[in-house]
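Visitor: The following block contains the structure, expressed as structure tokens.
The values are calculated or read from the model by the stated rules, or taken from the named source; none is laboratory data. Since this is a predicted model, take the numbers as computed values, not measurements. Here the Cβ is made from the backbone with ideal geometry for all residues, glycine too, and neighbour counts use every protein chain on show. We work out accessible area using only protein heavy atoms, side chains counted, and drop any ligands, DNA or RNA first. Shrake-Rupley method; radii C 1.70, N 1.55, O 1.52, S 1.80 Å.
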Amino acid sequence: MRALLSTAPGGPDTLQLAELPDPVAGPGQVIVAVKACAINYPDVLIIEDKYQFRPQRPFAPGGEIAGVIDSVGEGVIGWQPGDRVLATVGHGGLVEKFAVPAAALHRLPEGRSFEDGAALLLTYATTIHALLDRGRLRAGQTLLVLGAAGGVGLAAIELGKAFGARVIAAVSSAAKASAAADAGADATLIYGRAPFDKDASKALSEQFKAAVGQAGADVIYDPVGGDYAEPALRAIAWEGRYLVVGFPAGIPRLPLNLTLLKSCDVCGVFWGAFAARDPQANAKHVSTLFELWAAGKIAPKVTQVFDFAEGGAAIAKMAAREAIGKLVVRVSD
């Protein structure tokens, strides 16, 4: 089988197409013939050895896949060859065949494409955990979403609206503002490119405050970090919740006096650890996501599909923060 491998730390240009032996299903595993693999920001970090964990090389990036079951291992019940499935796999998804624990599989609904299936779980499962468990978002509250045109950003808009919130989408361009509005945002704002000096940071804070309203944002969803974090935190409501999701703009340093003045919470969001520690709660969230998908209240926004050999280009576009919605690699037809 073909695989797109990281053989040394570096950028997307270091990835190499290679031939590997086909995997064999062990007990409790199925072999999935991968049709599509979605690209996410962790794929940028993991090949540079900047992610939370470092797989042994060579390895393939790619954390979420969709495809067709090729074979099943001993003890697997409820799955058979030919079933259409999707799964989050952490890394390793940019391969033609993947050995997946049967417990990690979800059935891809009829009528849904492999590209959409691959693009569903990581962004929406992260976001539903963030908004409900960490952010305690309730109907009628105000949600400010930074980086609102990316995969998790658009998911936050859709889920925020599904849960009855007023959603303010903050983005870096007019095209991204249009995508956020199409996803259902009640209002959008366009911020400048960091780094910000003291005056620019203050001006951005005032921009956030004007957008969310005098009472402030009850929940702030931040998958961006960097110089955007402090201005956003200054726009938080009394007893608001600031959700730390990611840092493509850099790891910020927040003045903790702001948390005292607003009596607010700064909450980390680590969906992978949550799913491992509380699989029942995660399964409930995933069930809710499939219900919302069936009802048309959420839908993965796949804006570009890359050929398998161009998987590195997809990761490069993610690294440049140029992606709107989800980028997906078509591994096989």
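Visitor: Every residue in region 289-333 that is open to solvent by less than 40 Å² (accessible area, probe 1.4 Å) and part of a helix (DSSP H, G or I), please.
Guide: Within region 289-333, L289, L292, W293, F308, G311, G312, A314, I315, M318 meet the criteria.
Visitor: Tell me yes or no: at least one residue of region 28-46 is assigned to a loop (DSSP other than H, G, I, E, B), over 19 Å from A314 (Cα atoms), in contact with a Ser or Thr (Cβ under 9 Å, 6 or more places away or on another chain) and not hydroxyl-bearing (S, T, Y).
Guide: No, region 28-46 has no match at all.
Visitor: Quick one: what pairs do we get from region 192-203, first residue of a type outside the set (D, E), second open to solvent by 100 Å² or more (accessible area, probe 1.4 Å), C-beta under 9 Å, 6+ apart or different chains?
Guide: Qualifying pairs under 9 Å: F196/K202.
Visitor: Of all residues in region 204-222, how many are open to solvent by less than 30 Å² (accessible area, probe 1.4 Å), aliphatic (A, V, I, L, M) and touching a residue at least 60 places away in the same chain (Cβ under 8 Å)?
Guide: So the count comes out to 5.
Visitor: Determine if region 246-260 includes at least one residue that is open to solvent by 50 Å² or more (accessible area, probe 1.4 Å), basic (K, R) and within 23 Å of A125 (Cα to Cα).
Guide: Looking for residues that are open to solvent by 50 Å² or more (accessible area, probe 1.4 Å), basic (K, R) and within 23 Å of A125 (Cα to Cα), one finds none in region 246-260, hence no.
Visitor: Scan region 50-84 residue by residue and report those that are surrounded by fewer than 23 Cβ atoms within 10 Å (Cβ to Cβ) and among the β-branched types (V, I, T).
Guide: Those that are surrounded by fewer than 23 Cβ atoms within 10 Å (Cβ to Cβ) and among the β-branched types (V, I, T): V68, I69, V72, V76, I77.
Visitor: Right, here's the next one. Among L159, L243, L233, which is over 21 Å from the mean Cα position of the chain (by Cα) and buried (at least 22 other Cβ atoms within 10 Å of the Cβ)?
Guide: Just a single option satisfies the conditions, and that option is L233.
Visitor: Follow-up question, since we're still on this one. How about region 208-218: which of its residues are part of a strand (DSSP E or B) and within 13 Å of A169 (Cβ to Cβ)?
Guide: The one that is part of a strand (DSSP E or B) and within 13 Å of A169 (Cβ to Cβ): A217.
Here's the yes/no breakdown for (1) assigned to a helix (DSSP H, G or I); (2) more than 15 Å from A235 (Cβ to Cβ); (3) touching a helix residue (DSSP H, G or I) at 6+ places or on another chain (Cβ under 8 Å):
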site	(1), (2), (3)
L154	yes, yes, yes
G160	yes, yes, yes
A169	no, no, yes
A175	yes, yes, no
A181	yes, yes, no
A185	no, yes, yes
P195	no, yes, yes
S201	yes, no, yes
E206	yes, no, no
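Visitor: Out of L120, L137, which single residue is under 13 Å from I220 (Cα atoms) and modelled with pLDDT of 95 or more? So that I can check it myself, show each step before the final result.
Guide: Values: L120 fails: under 13 Å from I220 (Cα atoms).
The match here is L137.
Visitor: What are the residues in region 261-284 that are under 19 Å from G63 (Cα atoms) and surrounded by 15 or more Cβ atoms within 10 Å (Cβ to Cβ), if any?
Guide: Matches in region 261-284: V269, F270, W271, G272, F274, A275, N282.
Visitor: Quick check on region 237-254. Is at least one of its residues out of contact with any Gly (no Cβ under 9 Å at 6 or more places or on another chain) and touching a residue at least 40 places away in the same chain (Cβ under 8 Å)?
Guide: no
Visitor: Also, I was wondering about something else. For the subset of region 122-153 comprising residues that are aliphatic (A, V, I, L, M) and open to solvent by 10 Å² or more (accessible area, probe 1.4 Å), which member is nearest to A276 (Cα to Cα)? Spell out how you get there, then give the answer.
Guide: In the first step, residues of region 122-153 are kept if they are aliphatic (A, V, I, L, M); the result is 122, 125, 128, 130-132, 137, 139, 143-146, 148-149, 152.
This time we only want the ones that are open to solvent by 10 Å² or more (accessible area, probe 1.4 Å), so: 122, 132, 137, 139, 152.
Numbers: L122: 14, L132: 17, L137: 23, A139: 28, V152: 20 Å.
Checked region 122-153; the qualifying residue nearest to A276 (Cα to Cα) is L122.
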